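Shown next, in C-alpha cells, is the structure this report addresses.
The values are calculated or read from the model by the stated rules, or taken from the named source; none is laboratory data. Note that this is a predicted model, so its numbers are computed, not measured. Quick reminder, even Gly has a Cβ in these numbers, built from the backbone with ideal geometry, and neighbours come from all protein chains shown.
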C-alpha cells in the first residue's frame, strides 16, 4: 500500500519495545513525506491520536508526528500490543513488554568442548543458550570464504550454514529487554568450532560443531558469551572475546598496532583487479596503459597492487577441466615481461609509488599447485582431498577467466589440492616471497585463505594450519611485519580463532579483508557491501585485525556511497577505476597534502566506525520509508564525532528518514571518554554541522536514567535519498572569550576530524594542530569580534559566513600553504 511505504515509525512497526518505568508515558513518533492522519489503538479499544510536532529537518522536507499514551493503558503484566491506523487501514503493530527487576547485571557464560585422543569431531549443545529467548544478528558463512551478518530469531537459526558469532537481544520478559548477549565460538590451531541449530533429530538448541585439525592428545575449544545491560553491543562483543582469551590462557592486553609507520596500507593505493577487468590475464600493454592513465590524471598513488592474472599457471591439472594451478614463481608467457620489468614500469611511470605488491592465494593459485609442476617436485608436494562436509550449507561459486564470478570451485567433490607437507610449508613461502622481493615486490595480498578449511581429514587441517603459519612467518621475514593483506580469510581461525585473538601474531594487528568483493553482480550489492563491512567491523575491530573494506571506484558504482565508507575505516584505501575514469572531487575528499613533505596522504578515521547503539537493531534493510544505516566514529583530539547515514533501503527505491535523539548524540560523543569524563546529567550544548547542507545548529542534550527513545528527546531529523549518504559532525563546544567554538576539522574532507592533532584553549585563543592541507572550519556561536587567525605564527585571512540558527562558519584555507618543518600546521583562532 502506498501509505505503508511513505511512513516510518520510531519504534518501528513489528518491533518489541520495553515499557518505560515509573510515570513516564509511552511515546511513538512517525515521519512522513506528506500530511497524514494517524491513531493508535490498544487491545482494550482505547484510541490515541498522533499530533504533528516540529523537529528541525537538516536536509529535505519531512513531517513529524508524535503520540503519547500512559503506560496504564497497556496494563497487561506481560506487556501488550498497540495497533497503528491510518484511516481504516491497520499499518502494523508495536509490542510492549514490562521491564523486569532481574537479569540487569553483566554476566558471563562458557562451554568447553573437548575431543579425546582418537576423536576427530563432536557436536555439543550450548545449555545456557535457549533459542526461544533471543533474536538478533547471526554471522553466517553463506559462501566458501566470506562471513556476513544476517538478522534472525534464534529459533530460526540455520541447522546447516555455519554461524561464527551471535549478537542478540532478548525476546522474553524474563530477561531485561535492554540487554545484549554476544556469543563467540573460539577456535585454536588444534581444533575448529562453529555454531548451528539442531540437526538430524537432535533436541532443539544451539550446537557447537567441533573438528580436530591436529592429531594426538586431548584438545579443547571454548564457546564464550557476555551479557550486558542497556545494549552496549561493543562491550558485549569485547567481553565475549576477552573471556575466550582468558580460557585459552592468553593475555587480554590491548592488541598492538605496530609496523605501520611506513606501511603501504597507509598510502593511497590502486589495484588492477576491477580496473583492467576481472578475470583478465594481465599483459605489459594493459598495465602500461593503466599507469600512463594514472599519470595523466595526476592520481597520487603510493601503493600499487598487481592482482590476479600475472602468474604462470596451467589448466585442468587438479582433478577438473576448469581447475587452475600454479606452475612456477614467474609470470605467464603472454605477459611479455617478467615481474622485475613490471615493477620498474610502474615505478618509472608513477614516481609517487613507493610500494608494489602482488596477488596470490594461500594455496599458490585458485586450485593450488599443479601436481606435475617443478614446484611439486622441489617441495615434495602431497595431494589432499577436498571435503564439502567440513563446511556444509554454503553456496558454491564459480571460477575461471570465462566471465564467471571469481572464486574457487563449483564443488570440491573429486578435486584435490597439491600442497607442501607441513615441514616444507615455510620453505615454500620463503622461496616464493624471496623471488618476489628480488623483483622489487614489497608487500602481498594473499587470497582464498578460508578455502583451506575444506581440506579433508585431520592431516588436511594440519597442512592448512601449517601453510598459513609458514606464509605469515616468511612474509614478515621477507617484507617486514604487517605487509600482507589477508583476503577471503573468513573461517574459524581468523574470524573466531587464535589468529583473531592475537595468539598467532604475538598480539600484533594484521590487515584482513572485511567483506566480499565490491560491486559484484547481485541485488542490493552496494547497500549490502556497506552493511556487511560495518557489521563485520563490529567484531573484527575487537580482534587483532585492521579491517580492509576492499577497493572501489571514484567514477562508477555509487562512488561517494563507497568512498565515505573507506574514509571511516582504518584499513587500506584502494582505487580500482577504469583507465581515464576518475572523479577528482571524490578523490580530493579522501586525500590531502602534508605540511612537511607536501606529499599526498589519505585522510581516514583511526579505527572503523560502528553502528549507533540504538540503530544496531533497526530495520534499515527493509523496503519503503524507514531508517538509514547509522554509524558513528569518535575523534578524541577534536572532542567530536561523525554520524554517517547510509540509505540502505531495499532496491534503492525510497528515501530513508531518521530522527536523532539526545541518547544518539551522547552515544556518539562519549565513545572515547573515560567514565569520569562522561557528560553530566545536567544539560550540555552540542554543535551539529551537516556537511551536505552546509548548515550548522546547536542542540541541548540531557542524560536520563533510562537512555531509550521512549525517554530521550528528539533533536533533528533527516532525509537521505536513494544511493546516497550524508555526514553529520557533532562536537562539544569550547568557550573562547565571549563565544563558543566547535572545531569541525577539514570540512572539505569526508573524515576531516581525523586531521586534527590538537585542539585546546589558552586564554582568548583556540589552538588547532592540523596534519593536512584543506579548508579548516569552526562553527562559532555567540556574539564577539571578528576573529584574528594566525597559521604557524603568520597572520592569515579567514572567511566568516552565517550558516543558520545564529551560527557563523569561520573558514581557514590551508590548501596553498607552504611546506613547514613540522608535521602539522598550528592554527590560532583569537578573539
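Is at least one residue of the stretch 359-370 over 34 Å from the mean Cα position of the chain (by Cα) and farther than 25 Å from residue 484 by Cβ?
no
With the structure loaded, tell me whether residue 88 is out of contact with any strand residue (DSSP E or B) (no Cβ under 7 Å at 6 or more places or on another chain), under 30 Å from residue 48 (Cβ atoms) and without any contact (Cβ under 8 Å) to a residue 24 or more places away in the chain or whether it fails that test.
yes
Considering each residue of the stretch 599-614, count those that are outside any strand (DSSP E or B) and under 30 Å from residue 767 (Cβ atoms), and give that number.
So the answer is 8.
Select from the stretch 292-312 the residues that are outside any loop (DSSP other than H, G, I, E, B) and surrounded by 22 or more Cβ atoms within 10 Å (Cβ to Cβ) and list them in ascending order.
294, 303, 304, 305, 306, 311
Working only within the stretch 583-598, note down all residues that are over 19 Å from residue 526 (Cβ atoms), modelled with pLDDT of 95 or more and assigned to a loop (DSSP other than H, G, I, E, B).
594, 595
Quick check on my filter: what residues within the stretch 775-817 are surrounded by fewer than 16 Cβ atoms within 10 Å (Cβ to Cβ), under 36 Å from the mean Cα position of the chain (by Cα) and not in a strand (DSSP E or B)?
Answer for the stretch 775-817, where residues must be surrounded by fewer than 16 Cβ atoms within 10 Å (Cβ to Cβ), under 36 Å from the mean Cα position of the chain (by Cα) and not in a strand (DSSP E or B): 805, 815, 816.
Select the strands (runs of 3 or more DSSP E) contained entirely in the stretch 615-701, then report the ones holding at least 3 residues which are touching a helix residue (DSSP H, G or I) at 6+ places or on another chain (Cβ under 8 Å) and modelled with pLDDT of 90 or more.
629-635, 640-646
Could you check, for the stretch 116-123, whether at least one of its residues is assigned to a loop (DSSP other than H, G, I, E, B), free of Cβ contacts under 8 Å to residues at least 40 places away in the same chain and either buried (at least 21 other Cβ atoms within 10 Å of the Cβ) or not assigned by TED's automatic domain parsing to the domain that holds residue 494 (or both)?
yes
Being closer than 18 Å to residue 365 by Cβ and touching a helix residue (DSSP H, G or I) at 6+ places or on another chain (Cβ under 7 Å) is the filter here; which residues of the stretch 295-326 pass it?
Answer for the stretch 295-326, where residues must be closer than 18 Å to residue 365 by Cβ and touching a helix residue (DSSP H, G or I) at 6+ places or on another chain (Cβ under 7 Å): 305, 306, 307, 308, 310, 326.
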